[in-house]
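Structure first, then comments.
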Amino acid sequence: MPIFDKLKSIFIVADESAGQGVQQSGDKSNDGTDQNPKKASSPQVSQIPLGQSSERFLEILAQVLEKNNQAGFDYLEYKKAVQSVAKLQNMDESNQFKTAYAAAQAMNVQPLQLIDSAKKYLSILELEEKNFNQSAAQFLQTQISQKENEQKALDQSMKQKSEQIELLKKNWLNLKKGLTAFSQSCKMPKQK
């Protein structure tokens, strides 16, 4: 799921050579249980076209995270600090994390606080994913129900039209018989 992978990158560093202290906190918040539900539901989200839609979802989810931002220095501020350090200096990723972590320690932020806040944000994202999947399932179910109702209406209309056609055929045959009988009765007086 590209959307959730991008958001997950806020919390978890994929680079194996990343900083040890901070990467471990990311690893602890990603104990494997977070990845499995997202991978299991990836076929549903993979149908979303890439591009503007996924960027829109990222913006919405980023707004959700900002809305639920905890007071003080937490994991979001830590990740922003890492990104700022990356922009300012040309250092490897490990040192970027170490520098941001040193700044966090200067503000008396403990590793457990970062881990707890990262877990909180992951749970918020999981809740948003669950809500999105429920909304998507409801939308799809509504669409399916509407299509089924349309199909039933079309089937009923076709049945009615078929019955009308049969009735018109019977009427036509009766009129043809009547016309034939009338034509014969008209010919009879001429023969007499």
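The values are calculated or read from the model by the stated rules, or taken from the named source; none is laboratory data. Note that this is a predicted model, so its numbers are computed, not measured. Methodologically, a virtual Cβ is constructed for each residue, glycine included, from the backbone with ideal geometry; neighbour enumeration extends over all protein chains shown. With ligands, DNA and RNA removed, areas are computed over all heavy atoms of the protein, side chains included. Shrake-Rupley method; radii C 1.70, N 1.55, O 1.52, S 1.80 Å.
Here are the numbers for this structure:
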item: Separation of alpha-carbon centers, region 98-127 and region 137-192, rounded to whole Å; result: 74
item: 17 Å cut-off, amide nitrogen to a point 7 angstrom out along Lys176 Cα→Cβ, residues in region 133-170; result: 165-170
item: Förster radius 35 Å - calculated FRET efficiency between Leu167 and Lys187 (Cβ-Cβ, nearest 0.05); result: 0.70
item: Label-to-label distance, nm, for residues given as Ser54 and Phe139 (7 Å Cα→Cβ offset); result: 1.7
item: Cα-Cα over 19 Å, subset of Lys80/Lys119; Lys80/Lys120; Lys67/Lys98; Lys80/Lys130; Lys98/Lys120; Lys79/Lys130; result: Lys67/Lys98; Lys80/Lys130; Lys98/Lys120; Lys79/Lys130
item: Three-way shape label, region 85-192, alpha-carbon gyration tensor, a/c 1.5; result: prolate
item: Surface per residue (accessible, 1.4 Å probe) for region 133-187, Å²; result: 92
item: Carbon and sulfur %, accessible surface of region 48-192 computed with the full protein complex present, 1.4 Å; result: 56
